[in-house]
């Protein structure tokens, strides 16, 4: 741990934590760690997640290079979402955070919407 | 990784990531990992962090049991902030996220304020 992290490292860290900290983004990544899934497969696995918010989150994760949208050559074509290598590399982060919440955090309803 | 995390685990996870994901909170925790520090010692180590925001963040971290405020019996009394056990337990989370940002994330200025 560096006492005075340089500015760009600090900003990268903050960007990353804000991205995965958006409401239910971590949960969506967790679901995709089990393998690619369609929109309607992801939706019921995340409590309180609505259609519109899932679309938005998937778009953000695509833009960030964490999730890739795959169009399967079925008839009709079906779409599923998969983690990229960058996305799979988040596994140790989510695991560490899960262990911390299991050990220390209390269940409260998040504030705001 | 569980395909369908139960609701309360999901909410705890979300609370935790939103707490440490607030702007500069991760950076403040990083600084305190080097040991207790006074307000004026923390401030210059986090780029773009203003007085008022640091007060707010320290208060949130105190409320969450991550930081404790220590009043030293000096004359005049001086105040410093230290991580609790719960706060120090965040070290693997911040380390994993730092490794991920070093490997994958790009430096961009965070959006919004």
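The values are calculated or read from the model by the stated rules, or taken from the named source; none is laboratory data. It should be emphasised that the depicted structure is a prediction, and the values quoted were computed from it without experimental measurement. Neighbour counts run over all protein chains shown; Cβ positions are idealised from the backbone, glycine included.
Assorted remarks:
- The residue of region A:66-77 that is surrounded by the fewest Cβ atoms within 10 Å (Cβ to Cβ), among those that are more than 14 Å from every other protein chain (Cβ to nearest Cβ) and closer than 19 Å to residue A:19 by Cα, is A:69.
- Just one of (1) touching a strand residue (DSSP E or B) at 6+ places or on another chain (Cβ under 7 Å); (2) closer than 22 Å to residue B:100 by Cβ fails for residue A:38. It is (2).
- Residue B:23 meets all of the listed conditions (1) more than 9 Å from chain A (Cβ to nearest Cβ); (2) within 23 Å of residue A:15 (Cβ to Cβ); (3) assigned to a loop (DSSP other than H, G, I, E, B) but one, namely (1).
- Some residue of region A:82-94 being at the interface with chain B (Cβ under 10 Å from one of its Cβ atoms), free of Cβ contacts under 8 Å to residues at least 60 places away in the same chain and either at positive phi or not in a helix (DSSP H, G or I) (or both): yes
- Selected residue (criterion: surrounded by the most Cβ atoms within 10 Å (Cβ to Cβ)) from residues of region A:1-17 that are within 7 Å of another protein chain (Cβ to nearest Cβ) and modelled with pLDDT under 75: A:5
- The residue list A:24, A:104 contains one member that is crowded, with 18+ Cβ neighbours inside 10 Å, modelled with pLDDT under 95 and on the phi > 0 side of the Ramachandran plot, which is A:24.
- All positions within region A:32-74 that are part of a loop (DSSP other than H, G, I, E, B) and either free of Cβ contacts under 8 Å to residues at least 12 places away in the same chain or on the phi < 0 side of the Ramachandran plot (or both): A:34, A:36, A:38, A:46, A:47, A:49, A:50, A:64, A:66, A:73, A:74
Here's the yes/no breakdown for (1) under 27 Å from residue B:23 (Cα atoms); (2) facing chain B (nearest Cβ under 9 Å):
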{"position": "A:31", "(1), (2)": "yes, yes"}
{"position": "A:41", "(1), (2)": "no, no"}
{"position": "A:50", "(1), (2)": "yes, no"}
{"position": "A:56", "(1), (2)": "yes, no"}
{"position": "A:64", "(1), (2)": "yes, yes"}
{"position": "A:79", "(1), (2)": "no, no"}
